[in-house]
Amino acid sequence: MEYLKNQTFKWIFVGGGSGVGKTSISITLSIYFSRFKKNVLLVSLNPTMCLSDFFQQSFKDHPLYVKGFKTLSAMEFPFITDKTPSYLSIIDNHLDCLFVNALSDEYDMVIFDTSSTSEIKGLLSMIRDFSKVQEPKMGLSSLFEDFSPIKYRELKMMMLATEKRLKYQTTFICVSTLRYAALKETECLLQYLNEKNINSRFIILNKIIGNNDCAYCRQTLVRQASLIRDVDDVYSEYIIIEIPFCDYILDSVEKCSWFFESFRERPSHSQV
């Protein structure tokens, strides 16, 4: 993770399929970077509200310091799915609060624990659509016709700033396991990010099975070896991190530190 440590990224999104370990990795990275940054904000866009469970304190849609930390804050935001009927209802669900805090110069780094790929694509599309809206008169703009001109301009400026931050100071870490469905979702996310010119340099392969005498593990190792070769071939320009299968529950800061120590960059992928 030295590459990220030495870069000027303000936002890091942790994305990928369901059940690949995005929340565990987001929490671990936020704890790690809080050692080097003056102020880190961890934002959960995950509807399961995992941050409150892990840190054993209640978080809301505004930043609160994490107990025991002076440089780490967190907030939880119920993610808006693509079933949301209008942009107006998204704003009503405090999306403006999310980005007002995320754009604040108070934070050196903001780490987003995201939900599904389809939902993060919906969020990014909404930001781009909003930033292109001119005046609340017709079509898409009519969704904002109930806003006062001042409120509308404030939201417009916020979305333009958000789009700029996404373009120049954001990177995505794509998390996957060595399963076909998870790798397919990773490919879908990477293609979308490339189309939108959003930086994505990291792929994390989580839950790697180590050597074991059981028959299932031997079969899994053979399948893993084949998939890893494919990943190396297809994603040769990416920094690929392997994380072995974790046989303990990540329920403390100390265990997250152990977990981080298990991150290993694949030797065939040198940092650029």
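The values are calculated or read from the model by the stated rules, or taken from the named source; none is laboratory data. All figures in this text were calculated on a predicted structure; none of them were measured in a lab. With ideal geometry, Cβ positions are generated from the backbone for all residues, glycine too; neighbour counts draw on all protein chains shown.
Assorted remarks:
- Single unsatisfied condition, Ser226 versus (1) closer than 19 Å to Leu29 by Cα; (2) among the polar types (S, T, N, Q); (3) exposed (fewer than 13 other Cβ atoms within 10 Å of the Cβ): (1)
- Criterion violated by Asp251 - all others in (1) without any contact (Cβ under 8 Å) to a residue 12 or more places away in the chain; (2) of a type outside the set (Ser, Thr, Tyr); (3) assigned to a loop (DSSP other than H, G, I, E, B) satisfied: (1)
- Only one entry of Lys164, Lys184, Lys255 meets the criterion of being under 18 Å from Thr117 (Cβ atoms) and basic (Lys, Arg), and that entry is Lys184.
- Per-region count, segment 231-250, residues exposed (fewer than 12 other Cβ atoms within 10 Å of the Cβ) and either among the aromatic types (Phe, Trp, Tyr) or within 18 Å of Ile203 (Cα to Cα) (or both): 4
A quick yes/no check of all residues on (1) more than 30 Å from Thr186 (Cβ to Cβ); (2) modelled with pLDDT of 70 or more:
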site	(1), (2)
Val110	no, yes
Ser131	no, no
Pro136	yes, no
Leu143	yes, no
Arg165	no, yes
Phe172	no, yes
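- All positions within segment 60-78 that are of a type outside the set (D, E, K, R), at pLDDT 90 or above and not in a strand (DSSP E or B): Pro63, Val66, Gly68, Phe69, Thr71
- In segment 4-20, the residues that are at positive phi and surrounded by fewer than 21 Cβ atoms within 10 Å (Cβ to Cβ) form no Cβ pair under 6 Å with any partner that is charged (D, E, K, R) and in a loop (DSSP other than H, G, I, E, B), whether six or more places apart or across chains.
- Flag for Glu154 being in a helix (DSSP H, G or I), surrounded by 13 or more Cβ atoms within 10 Å (Cβ to Cβ), among the acidic types (Asp, Glu) and modelled with pLDDT under 80: yes
- When segment 37-57 is limited to residues that are touching a strand residue (DSSP E or B) at 6+ places or on another chain (Cβ under 9 Å), outside any strand (DSSP E or B) and modelled with pLDDT of 90 or more, the one that is nearest to Thr8 (Cα to Cα) turns out to be Lys37.
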